[in-house]
Amino acid sequence: MEQTKHRIRQLGVSAALALAGLAAQAQDITIGVILATSGAGSAVGVPTRNALALWPTEIGGRKLKLIVQDDRSDPAEATSIARRMASEDKVDVIVGGSLTPSALAISAVAAETEVPLLTLSPTVLNEKSAAWAFNLPPGTNLMASAVLEHMAKTGIKSVGFLGFSDVWGDQWLGELKSHAASSGIKITAEERFGRADTSVTGQVLRIIAGKPDAVLVGATSSAAGLVQKTLIENGYKGAIYHTHGAVTRDFLRIAGKDGEGAIAPAGPSAVPEELPADNLSKAPGLAFVKGYEDKNGIGTRTPFAAHAYDASLVLLKAVPIALNKAQPGTKEFRVALKQALEGIKELPAAQGVINYSAGNHYGMDNRSRVLVTVQGGVWKLLR
């Protein structure tokens, strides 16, 4: 009788262990997504949130549990959200933020808590934050060099700069200054404005007074459209260049007919239909555009949404590798995921071809950029 009871207890323990094993195998992969869906950066954050609908619902047989939070375009709020996600939600990876200042803030938390981060905004990482953060967008240096090469090629000798009074503007002004001297380009004026400003007339008039051959606008989306429109309305006749953050429908809406001829660098997803057949980003770019515009309307594609789409491609590649080493929800899985990300090589994505390594978390090379211009009210490949 006693042997029978002992046997039953053993079976009970075995069953409990089996159930625990099944539960571990079924553990969801928890992803924290931090976006600017309200505030000054909502024109960036909302399209990014829309792109999450294109993500798979599971990877490697594990369901994806997305926790999506709005940082209200505030780096301090982004920091608080990232901390909660790491400590309370026990996320396996963070994706965000929409704006460079927020992405920088989140990267510090990611390094501190040792949670992998996929940034959705170009971010210059310091040595500490670079250990856990991986850039999805191409670096500002890649995009800026395309602009400055075109300026040199077309004989531009002087440039005025008008950009955001934050990290995005700082990065672009820094790139302009570092390239200008070697290119023989003179910077005639430096003007800044806030993301939420509704008028830039004063800054534009001071830029025009310097009579530059070209103006570089260090802004994004609708704010860049406002600068473009104000420059043309005040009689500026030179070339107007923008950042890759300007290649949006909101830019076209705000600039209207005054947007014609604007030039900007862009990821391949802006114009995949015009890319040659052998371009590695053509197929993923077309897949992104079809999926996104089927849900949101023709012409709604944005680079911000494309970065979020590329995040799913990166996770599809890295997560199955990490699952071979550890279970989601553990420190070991986060380490394994970081290592899997560092092993990604030549991954075709909508915004370029991604290569990471332990020493390089920036991912993109010159294949992540093309130059586009506004023709007939739409962005077209500059030929």
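The values are calculated or read from the model by the stated rules, or taken from the named source; none is laboratory data. The structure displayed is predicted, hence computed values, not measured ones. So basically every Cβ, Gly included, is an ideal-geometry build from the backbone, and we count neighbours across all protein chains shown. These accessible areas exclude ligands, DNA and RNA; they are computed on the full protein's heavy atoms, side chains included. Shrake-Rupley method; radii C 1.70, N 1.55, O 1.52, S 1.80 Å.
Round to a whole number: what % of the accessible area of the chain belongs to carbon and sulfur, probe 1.4 Å? Taking all protein chains in place, the chain shows 54 percent carbon and sulfur surface.
The magnitude of the dipole of the chain, with charges of +1 and -1 set on the Cβ of Lys/Arg and Asp/Glu and taken from the Cα centre, is near 420 debye. The lysine pair tally for region 288-383, using Cα distances under 29 Å and a gap of 8 or more places or different chains, is 12. Subtracting the Cα-Cα distance of Leu66 and Ala152 from their residue separation scaled by 0.36 nm leaves 26.4 nm.
Taken along the Cα-to-beta-carbon direction at a fixed 7 Å, the label points for Val335 and Ala53 span 4.1 nm. Listed by chain and number, the lysines whose alpha-carbon sits under 16 Å from that of Lys65, ignoring those within fewer than 8 places in the same chain, are Lys90. Quick check: Cα centre of region 78-112 to Cα centre of region 122-194, how many Å? About 25 Å separates the Cα centre of region 78-112 from the one of region 122-194. When the charge dipole of region 210-279 is built from unit charges on Cβ atoms (+1 for Lys and Arg, -1 for Asp and Glu) and taken about the Cα centre, the candidate among Tyr241, Thr230, Pro265 whose Cα reaches farthest toward its positive end is Thr230.
Please check: in the Gaussian network model of the chain (C-alpha springs, under 10 Å), which one of Ala76, Ala308, Ala223 has the largest mean-square fluctuation. Comparing Ala76, Ala308, Ala223 in a Gaussian network model of the chain, the most mobile one is Ala76.
Rolling a 1.4 Å probe across the protein heavy atoms gives the chain an accessible surface of 41 Å² per residue.
Comparing Gly291, Gly160, Gly139 in a Gaussian network model of the chain where C-alpha atoms under 10 Å apart are linked, the largest mean-square fluctuation is found at Gly291.
Comparing Cα centroids, region 279-310 and region 219-265 end up 22 angstrom apart. Per-residue accessible area (protein heavy atoms, 1.4 Å probe) orders Asp89, Asp166 as Asp89, Asp166, starting from the largest. In the set (i) 1.04; (ii) 1.07; (iii) 1.26, the label that goes with Rg/Rh (Cα atoms, Kirkwood Rh) computed for this structure is (ii).
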